[in-house]
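Step one of this worksheet: look at the structure below.
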Amino acid sequence: MAEVESFALDHTKVQAPYVRLAGRKPLAGGVVEKYDLRFAQPNRETIPTASLHTLEHLLAGYLRDHLEGVIDLSPMGCRTGFYLVAEGPLDEERVLVALERALRDVLLHQGPIPGASFRECGNYRDHDLEGAKAWAEKVLKAGLRVQPTVPLEGR
């Protein structure tokens, strides 16, 4: 099986919340970068599914408001954060500032959750705006930082 970058990260040595460059792939005329946007400390806490789902919907738009080149924002299966895929080159500080601004937008969000209707969403009933706001506030209060990659020993 091919090696997966995130499986080689020592999850016991990272300190959430953080932004981490998780991969960079050169393409003809540019580069695509993957960022680990970690909100919850691995193996200690998880974001409830409904809150994570709502954060995904809100950050998908708000991050694009503050950062050019966003290709995709996807929740991690472990429910500790998101992967951001973007056209680069960017840098972690720039992504961090855009994420902070997007999280402030989440806190101010009023009204319906974008893309959360039966026709637009595959699980439209599973949303929690107040939970999403609580996680945005928790991350902002804790203070985002840039996390260097900490590989597992022996890899």
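The values are calculated or read from the model by the stated rules, or taken from the named source; none is laboratory data. Here the structure is a predicted model, which is why all the values come from computation and not from measurement. With ideal geometry, Cβ positions are generated from the backbone for all residues, glycine too; neighbour counts draw on all protein chains shown. Note: accessible area is taken over every heavy atom of the protein model, side chains too, but ligands, DNA and RNA are not part of it. Shrake-Rupley method; radii C 1.70, N 1.55, O 1.52, S 1.80 Å.
Numerical summary
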quantity	calculated
Area accessible to solvent at Ser117, 1.4 Å probe radius, in Å²	40 Å²
On Cα atoms only, tilt of 92-108 relative to the major axis of the chain in degrees	10 degrees
Segment 124-132 - phi-based ³J(HN,Hα) in whole Hz, Karplus 6.51/-1.76/1.60, Gly and Pro as x	4, 7, 9, 9, 8, 5, 5, x, 5
Non-local Lys pairs in the chain, i.e. 8 or more apart or on different chains, that have alpha carbons under 23 Å apart	5
Separation between Cα centres of segment 55-85 and segment 115-133, rounded to whole Å	15 Å
Exposure rank, largest accessible area first [Cys121, Cys78; 1.4 Å]	Cys78, Cys121
Furthest towards positive pole of dipole, Leu99, Ala136, Gln110, structure part the chain, Cβ charges	Ala136
Unit charges on C-beta of K, R, D, E only; dipole of the chain, Debye	240 debye
Neighbour net charge for Ala102 - beta-carbon separation under 10 angstrom, K R +1, D E -1	0
Charge context of Pro48, other residues only, Cβ under 9 angstrom, K/R +1, D/E -1	0
Segment 1-52, relative contact order [Cα under 8 Å, separation at least 6], %	31 percent
Residue-averaged 222 nm ellipticity for the chain, from DSSP H runs of 4+ at -39500 (n - 2.57), nearest 500	-10500 deg cm²/dmol
Cut-off 11 Å between beta-carbons: net charge of the residues surrounding Val19, Lys and Arg +1, Asp and Glu -1	-1
Fraction of beta bridges assigned by DSSP in segment 8-155 that are antiparallel (%, nearest 5)	90 percent
Val97 versus Gln41: modelled label distance in nm, points set 7 Å from Cα along the beta carbon direction	3.0 nm
Dipole of the chain, positive end: most advanced residue of Phe39, Pro26, Gly69 [Cβ charges, Cα centre]	Phe39
Solvent-accessible surface (1.4 angstrom probe) belonging to Tyr18, in square angstrom, nearest 10	0 Å²
Solvent-accessible area per residue, Å², over the chain with all protein chains present [probe radius 1.4 Å]	54 Å²
Sequence-separation-based contact order of the chain, relative, with Cα cut under 8 Å and 6+ spacing, percent	32 percent
